[in-house]
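This report concerns only the one structure given below.
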Amino acid sequence: MSLEIRTDIPETRLASGEVLYADSLPGGSLTVASSRVQSQRWYASFEGVEDRTAAEALRGTILTIEAESSEEENAWYAHELVGLRVQHRDGTHLGTVTGLEHRPAQDMLVVKETSGAHVRIPFVEQLVPEVNDADGVVVVDPPGGLFSSSDSPGVKAE
């Protein structure tokens, strides 16, 4: 099956015998049987996935590795971000990180505002200049109108 890769080291992550996890799967994991690159696209087969029907059933499944933290500077796994407080660069509390979505252009930080609404902010340095996981804070510099909370001065639309 073809894969959409989100790692800088696919040859390691997709080596035969590596275990990948998915909450949505019965048993919760798949073991890589083999992998290859063809026309700049990664393909893998997994133990127990014997035919096309079984492979099609996995379409859209997000596979992850078990890791405590990222070894790269300025790179985080979703579980490292979820629960962090989100504040505007002026110090105003805006909400809490609830997830990280992988999109074609860039990842999106999902924030639950203090009002309860959900906001997606591109996870790029210009809009998210600081992630301080030691202090449990993500600092954002969003464009006006992105956050709707009434308690977020400086970020409301005119």
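The values are calculated or read from the model by the stated rules, or taken from the named source; none is laboratory data. Please read all numbers here as calculations on a predicted model, not as lab measurements. FYI the Cβ positions are ideal-geometry reconstructions off the backbone, even for glycines, and counts take in every protein chain you see.
Out of Thr31, Thr7, Thr61, which single residue is in contact with a Lys or Arg (Cβ under 7 Å, 6 or more places away or on another chain) and surrounded by fewer than 15 Cβ atoms within 10 Å (Cβ to Cβ)?
Thr7 is the lone residue from the list that is in contact with a Lys or Arg (Cβ under 7 Å, 6 or more places away or on another chain) and surrounded by fewer than 15 Cβ atoms within 10 Å (Cβ to Cβ).
One line per residue, one yes/no per condition, for (1) in contact with a Ser or Thr (Cβ under 9 Å, 6 or more places away or on another chain); (2) closer than 24 Å to Thr64 by Cβ; (3) among the acidic types (Asp, Glu):
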{"position": "Val82", "(1), (2), (3)": "yes, yes, no"}
{"position": "Gly91", "(1), (2), (3)": "no, no, no"}
{"position": "Gly99", "(1), (2), (3)": "no, yes, no"}
{"position": "Met108", "(1), (2), (3)": "no, yes, no"}
{"position": "Val111", "(1), (2), (3)": "yes, yes, no"}
{"position": "Ser115", "(1), (2), (3)": "yes, no, no"}
{"position": "Val124", "(1), (2), (3)": "no, yes, no"}
{"position": "Pro129", "(1), (2), (3)": "no, no, no"}
{"position": "Asp135", "(1), (2), (3)": "no, no, yes"}
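Condition test on Ser39, is it out of contact with any helix residue (DSSP H, G or I) (no Cβ under 7 Å at 6 or more places or on another chain) and free of Cβ contacts under 8 Å to residues at least 40 places away in the same chain?
Yes, satisfied.
Among (1) in a strand (DSSP E or B); (2) farther than 23 Å from His79 by Cα, there is one condition Leu30 misses while meeting the rest; what is its number?
The single condition Leu30 does not satisfy is (2).
Against the condition over 19 Å from the mean Cα position of the chain (by Cα), surrounded by 10 or more Cβ atoms within 10 Å (Cβ to Cβ) and aliphatic (A, V, I, L, M), how does Ala15 come out, does it pass?
So Ala15 fits the description; yes.
Looking at (1) in contact with a helix residue (DSSP H, G or I) (Cβ under 9 Å, 6 or more places away or on another chain); (2) surrounded by 11 or more Cβ atoms within 10 Å (Cβ to Cβ), find the lone condition where Gly48 falls short.
(2)
Out of segment 136-158, which residues are at pLDDT below 90 and out of contact with any Leu (no Cβ under 9 Å at 6 or more places or on another chain)?
Of everything in segment 136-158, those that are at pLDDT below 90 and out of contact with any Leu (no Cβ under 9 Å at 6 or more places or on another chain) turn out to be Gly144, Gly145, Ser148, Ser150, Pro153, Gly154, Lys156, Glu158.
Being touching a Leu at 6+ places or on another chain (Cβ under 9 Å) and modelled with pLDDT of 90 or more: is that true of Val37 here?
no
Please specify each residue of segment 1-26 satisfying the condition of being over 24 Å from Ser39 (Cα atoms), of a type outside the set (Ser, Thr, Tyr) and part of a strand (DSSP E or B).
Listed by number, the list holds a single entry, Val19.
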